[in-house]
2 protein chains.
Amino acid sequence: MSYTVSEENYIKRIYHLQQETGLVNTNSLAAEMQTRAASVTDMLKKLKTKKLLQYEKYKGFKLNEAGKKAALDVVRKHRLWEYFLVEKLQFDWDKVHAIAEELEHISSEELVQRLDNFLGNPSFDPHGDPIPDRNGKIPVINQQNLGTIPLKKIVTVSSVGNQSAEMLDMLKHYHIALGTPISVLKRFEFDGSLEIKVLHRNACIISEQVAKNVFVHDVQ
Amino acid sequence: MSYTVSEENYIKRIYHLQQETGLVNTNSLAAEMQTRAASVTDMLKKLKTKKLLQYEKYKGFKLNEAGKKAALDVVRKHRLWEYFLVEKLQFDWDKVHAIAEELEHISSEELVQRLDNFLGNPSFDPHGDPIPDRNGKIPVINQQNLGTIPLKKIVTVSSVGNQSAEMLDMLKHYHIALGTPISVLKRFEFDGSLEIKVLHRNACIISEQVAKNVFVHDVQ
DNA sequence: AATAAAATTTAGACAAATCTAAAAATATTA
DNA sequence: TAATATTTTTAGATTTGTCTAAATTTTATT
């Protein structure tokens with residue numbers, strides 16, 4: 001089965017929203033898609049007809065198994081292309097999202113598989129997000145956000161929650177990238193900000209909001 | 001200026017047709033695009049409004065300078081992606097056309113320039129067609145079809161005229177690829193077929209139709 | 001529970017790109 | 001050159017994805 005660009009975009013967004021909230025509602029999807037609630041309703045009818053969606057009028061909706069697999073196919077393509085753009089074409093990681101949004105809709109199955117092999121079958125994209133395999137299986141990693149790590153413990157940055165250009169720009173400024181060794185020196189109770197130490201850098205302070213979006217795992 | 005996928009496809013086809021015939025007419029473009037003459041007329045009006053086309057009703061049409069530049073941008077992307085698919089992803093050269101038809105519409109200028117650099121700024125695509133540079137300048141090469149080459153002279157295959165999957169499949173069977181050294185041993189006047197010798201292969205016979213689509217240049 | 005507010009859906013419209021059928025213009029030929 | 005054939009354009013319809021405004025349903029509040 002293949003889908004239009006618009007269908008794929010809706011499917012992908014619904015997938016991400018239902019990861020957080022279970023059932024998805026019309027207005028939140030409209031906000032994510034930067035469109036109107038009426039347009040969402042129109043598309044929901046189409047996706048239900050194509051048997052990708054559990055949906056009852058006024059009751060919310062979520063992808064069924066077929067819908068989730070379709071979403072994971074798009075997510076897989078998006079993240080493989082992001083990996084390509086950063087690792088092969090040397091793009092900065094905060095510049096690749098929009099381009100990957102276009103590339104993810106290229107339809108050839110064989111292209112995706114060859115790209116995957118060419119890249120060395122990576123498990124995580126440049127933002128640390130897991131890349132589903134061709135069957136939709138997602139690699140797991142034990143990670144916590146920086147705010148929960150014991151003081152002085154050295155850990156490795158594994159992914160970033162908020163992936164806005166603004167956030168990625170800020171992390172670049174702090175010299176925080178995937179794989180960066182990092183430790184928390186002090187927690188300020190006043191506003192939850194943290195004094196941190198990045199390898200080879202002076203200690204500095206990050207806000208609680210930043211800390212919650214930096215995910216880390218134990219050093220291997 | 002950026003264009004829709006449909007506009008880009010029309011622009012590209014008009015470019016190729018006008019290379020052969022100067023002025024292009026509605027029916028031949030409709031045939032190339034596998035659409036109806038009425039649809040072509042509709043698009044011609046749009047392209048004229050966007051000042052890409054010299055067009056007078058019933059009189060035929062051709063791209064102006066802006067139109068040609070737009071066409072060359074698409075051709076450049078198409079050929080760079082074909083090069084990528086064959087040289088990096090190891091696709092057979094007869095399998096890449098359809099995928100490149102999708103990739104050529106990805107819009108990022110920076111992507112194209114980085115891809116070009118990543119590939120080593122190639123001058124010719126896997127079918128031997130020249131790749132325009134970012135300014136639309138096309139590399140030239142002195143080439144003739146196999147039918148016009150003196151007997152026994154060893155030349156190098158530089159490009160292929162007819163790029164249908166059928167033709168490319170046939171050339172694969174003859175072990176003719178770009179860069180293959182080749183010579184003509186005998187010309188049969190009866191039907192114009194040629195006995196040829198491909199390096200490391202037994203002599204064999206190709207039809208006049210094949211010969212006319214195999215372009216060669218002098219060995220460097 | 002009645003009413004107000006919020007969320008969602010329906011109805012009807014629009015733009016892009018296509019189509020069919022018919023009309024108009026041009027080209028061919030007897 | 002008049003009749004015929006071919007090519008091209010116009011007129012109007014269709015599909016996809018979107019929109020606005022109004023109607024409906026659900027949820028929250030007094």
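The values are calculated or read from the model by the stated rules, or taken from the named source; none is laboratory data. Computed from a prediction, not measured in an experiment: that's the story for all the values here. Quick reminder, even Gly has a Cβ in these numbers, built from the backbone with ideal geometry, and neighbours come from all protein chains shown.
Right, B:Ile106: at pLDDT 95 or above and within 30 Å of B:Glu8 (Cα to Cα) or not? Walk me through how you get there before you give the answer.
Working: at pLDDT 95 or above: yes; within 30 Å of B:Glu8 (Cα to Cα): yes.
When the stated conditions are applied, B:Ile106 passes them.
Scanning the range A:73-100 for residues that are touching a residue at least 24 places away in the same chain (Cβ under 8 Å) and closer than 23 Å to A:Ala30 by Cβ yields A:Val74, A:Val75, A:His78, A:His97.
You will find that of B:Arg134, B:Arg114, the residue that is of a type in the set (Lys, Arg) and within 14 Å of another protein chain (Cβ to nearest Cβ) is B:Arg114 and no other. When you check A:Leu171 against the structure, is it assigned to a loop (DSSP other than H, G, I, E, B) and surrounded by 15 or more Cβ atoms within 10 Å (Cβ to Cβ), yes or no? When the stated conditions are applied, A:Leu171 does not pass them.
Return yes when A:Gly22 is more than 13 Å from DNA strand D (Cβ to nearest atom) and either at positive phi or assigned by TED's automatic domain parsing to the domain that holds A:Asn135 (or both) and no when it is not. Please lay out each step first, then the result.
Details: more than 13 Å from DNA strand D (Cβ to nearest atom): yes; either at positive phi or assigned by TED's automatic domain parsing to the domain that holds A:Asn135 (or both): yes.
Judged against the criteria, A:Gly22 is a match.
Taking the range B:82-100 as the search range and keeping residues that are assigned to a helix (DSSP H, G or I) and surrounded by 16 or more Cβ atoms within 10 Å (Cβ to Cβ), which one is nearest to the other protein chains (Cβ to nearest Cβ)? Top of the filtered list is B:Ile99. Only residues that are more than 11 Å from DNA strand C (Cβ to nearest atom) and either assigned to a loop (DSSP other than H, G, I, E, B) or under 20 Å from the mean Cα position of the chain (by Cα) (or both) were counted across the range A:36-55, and they come to 3.
Of the numbered conditions (1) more than 12 Å from DNA strand C (Cβ to nearest atom); (2) away from chain B (no Cβ under 14 Å), A:Thr4 fails exactly one; give the number of that condition. Unmet condition: (2). Residues that are surrounded by fewer than 21 Cβ atoms within 10 Å (Cβ to Cβ) and either within 13 Å of DNA strand D (Cβ to nearest atom) or not in a helix (DSSP H, G or I) (or both) within the range A:56-81 comprise A:Glu56, A:Lys57, A:Tyr58, A:Lys59, A:Gly60, A:Lys62, A:Asn64, listed in sequence order.
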